[in-house]
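Undergrad: Below you'll find the structure I mean.
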């Protein structure tokens, strides 16, 4: 498992703005949280509307400011799209699961997105802000998630992503 503590004021995806830690020295977020709600759906791109509805329902249950809500909406839709398209290869027999929880103090909202794919090499992603990548129409999802979440953790060889947002 790799933990990525993101720095929202930085640019690009490189070692200067993402800290890689090989192990947790303390407990994980799951140890202090309770799963409030989860959804599971087939890997069909049109199912992104299920994710959007899931996020809208969350806003009615948890007090989230507009800026954080926007960060969550973008991060979760990018993560769900990656899980369906890249992880599960749009195989409708494979599911994507998303769950959310709030820590005991009500200060952090955590999401876990799981797919049934083989994972990906999250340590060697191209920098979408590099000049040679600016014109590409893909390759920004993980970058956006890393910029918008307060913490992101990839596990299961990249088939699971955990994102935390301060609320």
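The values are calculated or read from the model by the stated rules, or taken from the named source; none is laboratory data. Remember, it's a predicted structure, so these values are computed and weren't measured experimentally. Cβ placement follows ideal geometry from the backbone for every residue including glycine, while neighbour counts extend to all protein chains displayed.
Undergrad: Just the residues that are surrounded by fewer than 21 Cβ atoms within 10 Å (Cβ to Cβ), part of a strand (DSSP E or B) and in contact (Cβ under 8 Å) with a residue 60 or more places away in the chain, please, taken from segment 68-100.
TA: Listed by number, the list holds a single entry, 99.
Undergrad: Still on this structure, please answer the following. For segment 117-156, which positions are surrounded by fewer than 13 Cβ atoms within 10 Å (Cβ to Cβ) and part of a helix (DSSP H, G or I)?
TA: 131, 132
Undergrad: Shifting gears a bit: Would you pick out the residues in segment 82-140 that are at positive phi and touching a strand residue (DSSP E or B) at 6+ places or on another chain (Cβ under 7 Å)?
TA: The answer is none; no residue qualifies.
Undergrad: Next question, about the same structure. All but one of (1) surrounded by fewer than 18 Cβ atoms within 10 Å (Cβ to Cβ); (2) at pLDDT 65 or above; (3) within 14 Å of the chain's Cα centre (by Cα) hold for residue 2, so report the exception by its number.
TA: Failed condition: (2).
Undergrad: Which of (1) more than 19 Å from residue 49 (Cβ to Cβ); (2) surrounded by fewer than 18 Cβ atoms within 10 Å (Cβ to Cβ); (3) touching a helix residue (DSSP H, G or I) at 6+ places or on another chain (Cβ under 8 Å); (4) free of Cβ contacts under 8 Å to residues at least 60 places away in the same chain is the odd one out, the single condition residue 114 does not satisfy?
TA: Result: residue 114 fails condition (2) only.
Undergrad: Go through segment 79-90 and give me each residue that's over 17 Å from residue 152 (Cα atoms) and in contact with a helix residue (DSSP H, G or I) (Cβ under 9 Å, 6 or more places away or on another chain). Working first, answer last.
TA: Initially, segment 79-90 is screened for residues over 17 Å from residue 152 (Cα atoms), giving 84-90.
Hits for segment 79-90 are 84, 85, 86, 87, 90.
Undergrad: Answer with yes or no whether residue 14 is in a loop (DSSP other than H, G, I, E, B), closer than 22 Å to residue 158 by Cβ and at pLDDT below 80.
TA: Details: in a loop (DSSP other than H, G, I, E, B): yes; closer than 22 Å to residue 158 by Cβ: yes; at pLDDT below 80: yes.
Criteria met by residue 14.
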